[in-house]
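Quick notes on the structure that follows.
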Amino acid sequence: VIIDILIKLFKEKERRERAPFDPRFANANQTRNCYQNYVDYYRCVKIMSAKGKDIKSCEWYQRVFTSICPISWRVAMGDDCPTHSGN
């Protein structure tokens with residue numbers, strides 16, 4: 001019973017953390033999607049920081065690229081931690 005509950009919770013969490021469909025990147029190869037969301041996240045952080053605003057609005061891009069990009073790519077890009085705050 002406990003295992004069933006844990007499996008259900010894991011599946012719900014996994015479903016929430018997946019990147020949503022992006023019609024700009026409709027094919028199975030998500031390399032460009034990964035890269036674009038990575039770039040968009042850091043562009044957003046740079047712009048919001050320059051304006052003195054909170055970077056919380058940029059977290060969506062971070063969630064998407066950490067969901068799509070393989071860990072080895074994130075390490076190579078200098079973002080080796082999925083909970084990286086961008087500071």
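The values are calculated or read from the model by the stated rules, or taken from the named source; none is laboratory data. Just so we're clear, the structure is a prediction, and the values are computed from it rather than from any experiment. For neighbour counting, all protein chains shown are included, and Cβ atoms are generated from backbone atoms with ideal geometry for every residue, glycine included.
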Completion exercise
Out of (1) exposed (fewer than 12 other Cβ atoms within 10 Å of the Cβ); (2) assigned to a helix (DSSP H, G or I); (3) modelled with pLDDT under 80, the one Lys56 does not meet is (3)
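Any idea which residue in segment 65-87 is modelled with the lowest pLDDT, counting only those that are loosely packed, with under 15 Cβ neighbours inside 10 Å and among the small types (Gly, Ala, Ser)?
Checked segment 65-87; the qualifying residue modelled with the lowest pLDDT is Ser85.
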Problem - Residues of segment 23-53 satisfying the condition of being of a type in the set (S, T, N, Q) and either within 18 Å of Val75 (Cα to Cα) or crowded, with 16+ Cβ neighbours inside 10 Å (or both) - result: Gln30, Thr31, Asn33, Gln36, Asn37
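For every residue, the table says whether it meets (1) at pLDDT 90 or above; (2) part of a helix (DSSP H, G or I).
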| position | (1), (2) |
| --- | --- |
| Asp4 | no, yes |
| Ala19 | no, no |
| Asn27 | no, no |
| Arg43 | yes, yes |
